[in-house]
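First up is the structure itself, then whatever we jot down about it.
The values are calculated or read from the model by the stated rules, or taken from the named source; none is laboratory data. Note that this is a predicted model, so its numbers are computed, not measured. Using ideal geometry, Cβ is built from the backbone for each residue, glycine included, and neighbour counts are taken over all protein chains shown.
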Amino acid sequence: MKYSREYILRRAFDVFMNKGYDSASISVLQEELQMSRGALYHYFKNKEELFNAVIDEYFFKIFDKLQHNMDKHTYSLEKFIEVMHRRQKIFVNAFTRAGVTHTIFLNYTALVIQAGKHYPNFLERFKIINNRSLESWKDAMRNSIKAGEIKDDIDIDILAILFNNTSVKETSDRDCNDSSFAINVMQDMNRRMEVMRYLYSLIKV
């Protein structure tokens, strides 16, 4: 069988998610990927390098692409809220088509937590992502202040945090089986939209 870097990353992603970093030894990875140790080492010199490549591909690359797309446009705050909501709906629909379940979601969350421990400078890079997102919210508010759409005496630093961190977390707080996961996430997303629109109404001129 001819292997590719993409194949290895995809299969290793599944292994790290389902078994966790500590349990995913090189021997386990070999067995799950159906590769010899030599073939695996041809692409990655050790488990640590493979894990870091998985996090780059399935975490940082996704967020970098999303933020890059946001940076290309100029939005008012109201429009930015709508764009964020539409982007989340696209994600949910993509997750549904891909068969993402509550279990997979929890495993992915656990993988990100493990990255905080095993990926060099993960927290620093995550902070950069968060700061870029905050700046997008601030830019949208500055544009709306300039256009006279929202009040000009607001604290955009605090409001950026409120908008960026809006989360109702109802799906994770209640019992959620795999069959109802997508529906529950969509409901939570719509509730989050309501919260953001309410925040917007408080500062609208």
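So which of Lys19, Lys61, Lys45 ends up being among the charged types (D, E, K, R) and within 30 Å of Asn131 (Cα to Cα)?
On the way: Lys19 fails: within 30 Å of Asn131 (Cα to Cα); Lys45 fails: within 30 Å of Asn131 (Cα to Cα).
Selected residue: Lys61, the only one of Lys19, Lys61, Lys45 that is among the charged types (D, E, K, R) and within 30 Å of Asn131 (Cα to Cα).
Being under 20 Å from the mean Cα position of the chain (by Cα), modelled with pLDDT under 90 and more than 18 Å from Leu199 (Cα to Cα) holds for only one residue in Ile113, Ile129, Ile62, and it is Ile62.
For the residues Asn93, Asn121, the requirement of being surrounded by fewer than 15 Cβ atoms within 10 Å (Cβ to Cβ) and under 21 Å from Met186 (Cβ atoms) singles out Asn93.
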